[in-house]
Amino acid sequence: MEQINPNDSSNPQHLRRDFKSRQVNMLAIAGALGTGLIIGSGSALAKGGPASILIAYTVTGSIIYFVMTALGEMASLLPMDRGFNGYASRFVDPALGFATGWNYFFKYAIVLANNLTAAGLVIQYWRPDLSVAIWVTVFAAVVISINVLHVGSFGEAEFILSSIKIIAILIAMLTCLIVSLGGAPNHERVGFRYWNEPGAFAEYLSTGSLGKFLGFFACLVQSCFAYTGTEVVGVAFAETPNPRRNIPRAIRQTLWRICVFYILGVLLLGMAVPYDNDLLIGAKKAKTSASASPYVVAMRMGRISVLPDIMNGAILVFVVSAANTDIYVGARTLYSLAKEGHAPRIFTHTTARGVPIYGVAATSAFSLLAYMNATKSSATVFGYFVNLVTVFGTLNWASILVSYIGFCRGMKAQGLDRKVDLPYRGALQPYGAWFALFLTVIIIIFNGYNTFIPSFQVSDFITCYLGIAIYVVNIVLWKVLARSRRVRAGEMDLVADHHGEVGLGRVEEVQHEGRDKTNPVMP
């Protein structure tokens, strides 16, 4: 089979492996750090208390770890430019690939508008006299321009923005520690006092044990929103040089990032801020700015000045980085859908710089939805879209896990040995994938439990479960239209992609490392 070089500028239908190793690693470390963590964690703390939020973020962190290691095993052995939907089509059923791809595209296309709006709201922290629409236009122009440039330019921009995000979240965490140990200007040492008074578990929607459990589950659902996007580094694998070396390295970054930024972050937050504090309740109702961050609440409780303004600038970086990534992921998802025949072929066209330009244009068009926030009623309606894409995010985790289980089924049927044939093996796999899939399905099914308490709320129910309906309809639709069938384990292609992308990954490894390409195992 003739190998196709994606770095050949004369080839208009292939991405280029122009990401640097440090850029992929940084995307793995900080790609998903956003307002879900630095702002949304305040809502979780108020609903569930410090113990609930710590347990919830730990549980969801374990789900994400198994999702990422499952993705790492597939991508390091079979790197391909068709994204998550490509693995779903290849290892399970093309119908699942169709549903997964469009699910992922709409998630990022719609969230793009939300992040652009958030950027405008952050600026209003300093300039409330200016319309949000002005800043939506400015930041849309910035992130679209970055995505039109060479993929290396996107990688470099995201490397810089992610570095700032890491510094900001570390400062926020360190501030919480200082406040709880009495090092802030108020000199009040609290330690774990708030775990005793008002308590470790908050009651939500009910009283007693039931209320505390509902508070925990609210934290669990919110933590899914905070972790959503962690898998985004998987989209960059198609443009990663020497994938068999760099993909496992990027996946390994996930574990310590989960432990440091998410689990340790909410632990320190629960030490510094009581769940019933009036400032926290106010932050929960605030818009996207420094006043909405629970970490800023900790700063205010410690009577620390200046830092809230710095944190607002950091939040601006968070949302601009997220909008930048939204276009990148949306465009690459359209590209992968078109490669599978699930979207118009025009989206496979790339520029000489390896940018899927029509995909960038189509995704960028969704930025116009941000102008819906010009009126209060439209902002309320748009909030429903945010809930919808959160469900899409968890559905995508389920798709990756189901694809991986199919991948393991094919390896077993074809006599491949995990210990010998996999360049990278995730801890506790494949059992961890089953555990993560079980928990993910439970969260997806019951994520809208609060729509029934204290009375049934139709609008909230629709936003919580419409995503599931769209996902299922897409699967059935493609089964009917394309008459697709489940991929049999014995017939599964575990060697090379139909267009040679996977074989190329092995050739590149030899070119980069000078190793014998007949040996698929890294020493």
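The values are calculated or read from the model by the stated rules, or taken from the named source; none is laboratory data. This is a predicted model, so every value here is computed, not measured. Because the Cβ atoms are built from the backbone with ideal geometry, glycine has one as well, and the counts that use them run over all protein chains shown. Just the protein is used for accessible areas: all its heavy atoms, side chains included, with ligands, DNA and RNA removed. Shrake-Rupley method; radii C 1.70, N 1.55, O 1.52, S 1.80 Å.
Could you rank the peptides 445-455, 468-478, 294-304 by their average count of other C-beta atoms within 10 Å per residue, with the highest value first? Let's see the in-between values first.
Details: 445-455: 14.1, 468-478: 15.8, 294-304: 23.7.
Answer by packing, highest mean first, reads 294-304, 468-478, 445-455.
Heavy-atom accessible surface of the stretch 376-496, averaged per residue, reaches 52 Å², computed with a 1.4 Å probe.
Just to confirm a number: summing +1 for Lys and Arg and -1 for Asp and Glu over residues other than residue 484 whose beta-carbon lies under 13 angstrom from that of residue 484, what do you get?
Local net charge: +4.
Among the listed pairs 107/212; 107/412; 47/165; 165/339; 339/419, which are separated by more than 29 Å between their Cα atoms? Correct reply: 107/212; 107/412; 165/339; 339/419.
At a probe radius of 1.4 angstrom, the accessible area of the stretch 321-371 per residue rounds to 29 square angstrom. The heavy atoms of residue 481 offer some 120 square angstrom of accessible surface to a 1.4 angstrom probe.
I need the peptides 217-228, 129-140 ranked by packing, meaning the mean over residues of other C-beta atoms within 10 angstrom, with the highest value on top. Don't skip to the answer; put the middle values down first.
Details: 217-228: 25.2, 129-140: 16.8.
Order by mean packing, descending: 217-228, 129-140.
Can you tell me the relative contact order of the stretch 35-482? Whole percent, Cα pairs under 8 Å, sequence separation 6 or more. Mind dumping the intermediate values first?
Details: 715 pairs, mean separation 152.4, N = 448.
This gives 34 percent for the stretch 35-482.
May I ask you to order 390-400, 358-368 by the average number of other C-beta atoms within 10 Å around their residues, highest value first? Intermediate results must be reported in sequence, preceding the final value.
On the way: 390-400: 24.0, 358-368: 20.0.
So the order, starting with the most tightly packed, is 390-400, 358-368.
With each label modelled as a point 7 angstrom along the Cα→C-beta vector, the residue 207-residue 483 pair spans 6.4 nm.
For the stretch 165-175, the Karplus equation 6.51 cos²θ - 1.76 cosθ + 1.60, evaluated at θ = phi - 60°, returns couplings of 4, 4, 4, 5, 5, 5, 5, 4, 5, 5, 5 Hz by residue, with Gly and Pro reported as x. Per-residue 3J(HN,Hα) values for the stretch 100-111, derived from phi via the Karplus relation 6.51 cos²θ - 1.76 cosθ + 1.60 with θ = phi - 60°, read 5, x, 5, 4, 6, 4, 5, 4, 7, 5, 6, 5 Hz in sequence order (x marks Gly and Pro).
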